[in-house]
Every structure is written in C-alpha cells, then in structure tokens.
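Reading through the structure tokens given below for one structure.
The values are calculated or read from the model by the stated rules, or taken from the named source; none is laboratory data. These figures come from a predicted structure and were not determined experimentally. Here the Cβ positions follow ideal geometry from the backbone for every residue, glycine too, while neighbour counts run over all protein chains shown. The area values use the complete protein model at the heavy-atom level, side chains included, leaving out ligands, DNA and RNA. Shrake-Rupley method; radii C 1.70, N 1.55, O 1.52, S 1.80 Å.
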Amino acid sequence: MEKWPIGVFASIDAGLGVKLEVAHELGIPTIQLHAPHQSTRTPENAKRFLEKLGSMNITLTVVFGGFEGESYADIPTVSRTVGLVPPATRAARTREMHEIADFARLLGCDAVGLHIGFVPHDPGDPLYGDVLQVTRGLCDYLKSNGQRLHLETGQESADTLLRFIGDVDRDNLFINFDPANMILYGTGDPIEALRKVGRYVRSVHCKDGKWAKNPGKEWGQEVPFGTGDVGAETFLRTLKDLGYDGALTIEREIPQEPERQKAEIGQAVRLINELKSKILV
Ligand code: MG
C-alpha cells in the first residue's frame, strides 16, 4: 500500500464514526471500524462486510472496541465509565474484547484499538496493578489471534503511557496516537508527546482540538482537522521524522450532523492530500 493512505473512522451500527458509504463517496481507501454491536458480530455479517469493503476497494486497518455504558460527557465521567479500568464492568468487558478480537480476525484485521480508560498515574495504586494484569491478559489473547493492541492516547501523559507500556511488557502492545485527545484531556503538548512515544505508534487519528481554559479539569473543544491547536503540518512532519508510514485516519465524531460530518471529513482529506504532496517529496 502507498505511504500514508488516508482513512476515516467508520461505524456500522455502533460508535460515532461515518457510514461506509460516506467513506466510499469521498474516495477514502482505508477505514478504522468501531466494533458493531454484539448481536451483529456474526460470521455471516463479517463475510458480508468484507465483500462490501472489497467492492468499495476499502482496506480495514484497525477494529476499535467500545462498550455499552461508556460516556464521554465530561472528564470525571470518562474516568468512571470508559474502558477496562472501572472494576465493576472489567470482567465482562474483557470477555467482550475477546469477542471483538475474534470478529476482527474474521475480518482479516491484525490490529485492535481501545480506549483502555484512565490508567492511574501512581504505579503504587492497587488499581494500577489490576489494569496491568488485564492488559497483559488481553495482549496474550490477541497474540494467539496474531493481533496487536493499539492503545488510544489522550487519557494519560506521554510519560505515564510509556511507563505503563513498559510495565505491561508485551511485544504486541502499541499506540493509536490521537493528537487532539492530548489537548481535549489536557494531558500535554501533542507533538512533544508524539516524539516521546513515537516508537510505539502504529496507527493515528487526524483529529484536532482547542485547549480548555482549565486543561485537565474541563474538556477542550473538538474542531475539524487543521483548524485547532494540534498544528496539522507539524503533526504530519513529526510522523515523517518518526518513519511512520501507516494510515492517516480522520476522526470526526458528529454523527448527529451527517452532512456537516461529511463536509468536514472532505475538507480534512483535501488538507491531508495537500500536506502529503508538500511533505512526502
Ligand atoms: Mg481518537
């Protein structure tokens, strides 16, 4: 595949991505997929979906896990509800991640992405050890499927994430780098963070955001790629310096406004193509 194929975050029946048809209409050659609902994760649906992708000439790069009951309403709610960190739902969600990984395998996809949740910053916190354990178990399961785990960035600083990855100590654990999340969550300058964690980055989100007045306490504002504080050109130049040649997956999660979503993704495609022709010479 060419270097830096453009991608988009897509959904079938769950998650906030765009519909596959929109990706096709925009001529986008790759997608990341939000895992569909449990009832639709059947072998028949996998086969049908693969045929559809084939007919549209779209390659699937990552399947993202997500769960019922997760809410991104505000930062404390994320901490309470998202990923494998909340103890009450951890066992059931871990089982579901195995099912999602098996569905991704039916789709021929060797990477599974996940917002793991807020990893405690203090390694002495007992919860930190629990999250290490569950992540190791998930990595081992994925390994037996021939798959990698890509942790979505944002909820941790680069240093916390690096320590966590080192402590998990599995060779199929990597990062899906989302520069906007660093700004939205207030966890650090995205470019500086990208340089620090670059050796683990195997997929990225092209998403943008503006800093909150009180970063880390309140949300920053998500905006179309290229119009926020990430610095789209610096982001791509930094990826080039790091030797990253995977997909550039646009994430614009406003499914309640499908026309605006399509227009803004189209705008991001044009911007990325311009930057590619400037940077990849
Ligand atoms: Mg993201």
**Report entry** Value of relative contact order over the chain, rounded to a whole percent, pairs C-alpha under 8 Å and six or more apart
**Finding:** 17 percent
Report task. Pick out which of ARG148, ARG90, ARG202 has the largest mean-square fluctuation in a Gaussian network model of the chain, springs linking Cα atoms closer than 10 Å. Result -> ARG90
Query - Projected label distance in nm at LEU280 and LEU26, using a 7 Å step from Cα toward the beta-carbon - result: 1.7 nm
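Specify whether the C-alpha gyration tensor of region 146-281 places it in the rounded, prolate or oblate class, a ≥ b ≥ c being the square roots of the eigenvalues: rounded for a/c under 1.5, otherwise prolate if a/b is larger than b/c and oblate if not.
On the way: a/c = 1.64, a/b = 1.24, b/c = 1.32.
In terms of gyration-tensor shape, oblate.
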Report summary line: Taking the alpha-carbon centre of each part, the distance from region 115-194 to region 46-111 in Å is 16 Å
Report task. Starting from the Cα of LYS3, step 7 Å along the direction of its Cβ; do the same at ASN273; then give the gap between the two resulting points in nm. Result -> 2.0 nm
Query raised in the report: How much mean residue ellipticity at 222 nm does the chain get from its helices, if each DSSP H run of length 4 or more adds -39500 (n - 2.57) and you divide by all residues, to the nearest 500 deg cm²/dmol?
Result: -13500 deg cm²/dmol
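Tell me the carbon and sulfur percent of the accessible area for the chain, rounded to whole percent, probe radius 1.4 Å.
Numbers: 6010 of 12070 Å².
Its accessible area is 50 percent carbon and sulfur atoms.
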Report summary line: Residues of region 56-95 with backbone N under 16 Å of the label point set 7 Å from the Cα of GLU218 along Cα→Cβ are 73-77
Query - Members of LYS19/LYS217; LYS217/LYS276; LYS3/LYS196; LYS217/LYS278; LYS3/LYS143; LYS196/LYS276 lying beyond 29 Å, as alpha-carbon distances in this model show - result: LYS19/LYS217; LYS217/LYS276; LYS217/LYS278
Report summary line: Heavy-atom accessible area of LYS143, protein chains in place, probe 1.4 angstrom, given in Å² to nearest 10, is 110 Å²
Report summary line: Across HIS37, HIS205, HIS150, the residue with the highest GNM fluctuation in the chain (Cα network, 10 Å cutoff) is HIS37
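What full-extension length gain, to one decimal in nm, is calculated for ASP171 and ARG48 as 0.36 nm per residue of separation minus the Cα-Cα distance?
On the way: separation 123, 0.36 × 123 = 44.28 nm, distance 3.23 nm.
Residue separation times 0.36 nm, minus the Cα-Cα distance, leaves 41.0 nm.
Would you mind calculating the gained length between HIS37 and ASP125 on full extension (0.36 nm times residue separation, minus the Cα-Cα distance), in nm to one decimal?
Numbers: separation 88, 0.36 × 88 = 31.68 nm, distance 3.32 nm.
Gain on extension, HIS37 to ASP125, equals 28.4 nm.
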Requested in this report: Choose one answer from GLY231, GLY69, GLY166: the residue with the largest mean-square fluctuation in a GNM of the chain with alpha-carbon springs under 10 Å.
Outcome: GLY69
Query raised in the report: How far apart, in nm, are two points set 7 Å out from the Cα along the Cα-to-Cβ line at ASP241 and at GLU99?
Result: 4.4 nm
Query raised in the report: Within region 12-86, which GluC sites (Glu not before Pro) sit in a loop by DSSP and count at most 15 neighbouring Cβ atoms inside 10 Å?
Result: GLU68
